[in-house]
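Just so you know, all these numbers are worked out from the coordinates, no wet-lab data involved. Nothing here was measured: the structure is a model prediction, and the numbers come from that model. Please note: Cβ atoms are built from the backbone with ideal geometry, for glycine as well, and neighbour counts cover all protein chains shown.
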Amino acid sequence: MTNVSTLAPAALLVAVGQRVFWSALFTLLADISVPEERDCWYGLSAAQSAGFGAGGLLSELVVAAGGVKGYHLAFTANAVSFFLSALLLLLRVPEPARRSGGLRRENSYSVVLQDRPFALMVAKRCTVHGSEKVYRAASCMRTSGNEPSTHSGE
């Protein structure tokens, strides 16, 4: 049985991952593309929405057909796809030439984290999206008859 003490941290982790992904995607595209081709790369990244829709449909079909085993298969396939994407980025995308000489690479995150209004905005967004994920998961469990418990034992 799933309990709230495991659901909340998992939802927060998903929310943080989504925020980081969308921030990093467009920065990566700007770093690896030449200015004349950026519109094409940004347009191609918008096609990702079709992939999200197709992936959602395919995973629903797998779960509907396979039940719990189908869920595990969809979860594993998703994890493998993220791992392969990270591996491709690591091995195939060249290190971009930095255009600004003022920031050293090892200080880039410290500069971002010192920007208090930005850090506060990111924290608020993660909290809102984390709460939304917990609410959605709890709603799904209620409609499926698996009420989340507030205790860790059976």
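Here each label is just a point 7 Å from Cα along the line to Cβ, and for Val16 and Leu113 those points are 1.2 nm apart. At a Förster distance of 25 Å, what's the computed FRET efficiency of Glu132 paired with Glu95, Cβ-Cβ distance as r, to 0.05? Efficiency computed from Cβ-Cβ geometry: 0.10. Ranked by the mean number of other Cβ atoms within 10 Å per residue, highest first, peptides 41-47, 58-64 order as 58-64, 41-47. Going from the residue with the fewest nearby Cβ atoms within 10 Å to the one with the most, Cys126, Cys40 rank Cys40, Cys126.
With Cα atoms as the point set, the radius of gyration and Dmax of the stretch 48-95 evaluate to 13.3, 43 Å.
The overall shape of the stretch 2-93, judged from the alpha-carbon gyration tensor, is prolate: a/c is not under 1.5, and a/b is greater than b/c.
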